[in-house]
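**Q** There's a structure below that I have some questions on.
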Amino acid sequence: MTAANMLRAERIKLLSTRAPWWCAAIAVVVALAYTALFFGFVPLEGQTGVTSTQVASALGRTVVLVLAILAAATEFNWGTMKLTFQAVPSRVPALLAKGAVVGVFSGLIGLLVGFGSWAVAYLIKPAADLGLASGADWRAVAGQGLTFFLTGLLGVGLGLLFRSPAFALGFALAWTQVLEGLVVLIPKVGDDIYQWMPFFAANQFSGPDLTVSMLKLEPPLGPWGYLAYFGGICVIIYAAGLMITHRRDA
């Protein structure tokens, strides 16, 4: 099977079910709704420019993580992964195609979240300084495509490692919604550890988020350093999922 055919097959498998479309819609709607509430109720002086328009990007990223996990893990439940490996016995090319398709789809959702959130904020507070006038402004908005793409790879990797949607989702949601937040409660070293948490790193690519100012943190890396750090974690987990799936029975 050629690379084009594998990509086409993965695209059909992903987009022929309702779950990815529902996840995409939820990611965009939740992010835009939260942004509208934030800019509707927070005083103008409490908003920090274009970076603050991405205040809800983490919510959309969490939904995309769920989407990517389901895209990989449910194939083991339905038996479609076994059929895929019968057509592509070497396995790795098919898994690379899956990562590419899910990653690109996730990245497109990220662009919708980024530009959609910025547009909503601009409409609600036209007097605020929200023009895309610098590279940092464009990175904050368009950069959501990169972080969402990497999140898609991370989700596929977790789905391949766990093979169970329930276990993979439980781990991912516990980590993103509970464990990363609890780290800051560790006496003396909690703040330092928190600045190396994966999803904190993803948030910093858009610029310092609200947690940085609230906790008075001094992040050790810049935006591109944090993107490289988050990307490295995502690629390692994705590669681990590929290697384990390549060696185990489907």
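The values are calculated or read from the model by the stated rules, or taken from the named source; none is laboratory data. For clarity, every value in this text was computed on a predicted model and none was experimentally measured. No Cβ is skipped: glycine too gets one built from the backbone with ideal geometry, and neighbour counts run over all protein chains shown. Calculation scope for accessible area: heavy atoms of the full protein, side chains included, ligands and nucleic acids excluded. Shrake-Rupley method; radii C 1.70, N 1.55, O 1.52, S 1.80 Å.
**Q** Which one is most open to solvent (accessible area, probe 1.4 Å) among residues in region 188-210 that are part of a helix (DSSP H, G or I) and without any contact (Cβ under 8 Å) to a residue 12 or more places away in the chain?
**A** ASP192
**Q** What helices (runs of 4 or more DSSP H) completely inside region 134-182 contain at least 2 residues that are at pLDDT 95 or above and small (Gly, Ala, Ser)?
**A** So the answer is 144-162.
Per-residue answers, yes or no, for (1) among the basic types (Lys, Arg); (2) crowded, with 20+ Cβ neighbours inside 10 Å; (3) free of Cβ contacts under 8 Å to residues at least 24 places away in the same chain:
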position: GLY135; (1), (2), (3): no, no, yes
position: THR147; (1), (2), (3): no, yes, no
position: LEU161; (1), (2), (3): no, yes, no
position: ALA168; (1), (2), (3): no, yes, no
position: LEU173; (1), (2), (3): no, no, no
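**Q** Given (1) in a helix (DSSP H, G or I); (2) surrounded by fewer than 17 Cβ atoms within 10 Å (Cβ to Cβ), identify the lone condition not met by SER90.
**A** Here SER90 meets the rest and fails (1).
**Q** When you go through VAL63, VAL55, VAL50 one by one, which is the residue that is surrounded by 21 or more Cβ atoms within 10 Å (Cβ to Cβ), touching a Cys at 6+ places or on another chain (Cβ under 6 Å) and aliphatic (A, V, I, L, M)?
**A** VAL63
**Q** If you check LEU32 against the conditions, is it more than 24 Å from PRO223 (Cα to Cα) and either modelled with pLDDT of 90 or more or surrounded by fewer than 14 Cβ atoms within 10 Å (Cβ to Cβ) (or both)?
**A** No; evaluated as a whole, the condition is false for this residue.
**Q** Yes or no: LEU59 in a helix (DSSP H, G or I), in contact with a helix residue (DSSP H, G or I) (Cβ under 7 Å, 6 or more places away or on another chain) and free of Cβ contacts under 8 Å to residues at least 40 places away in the same chain?
**A** yes
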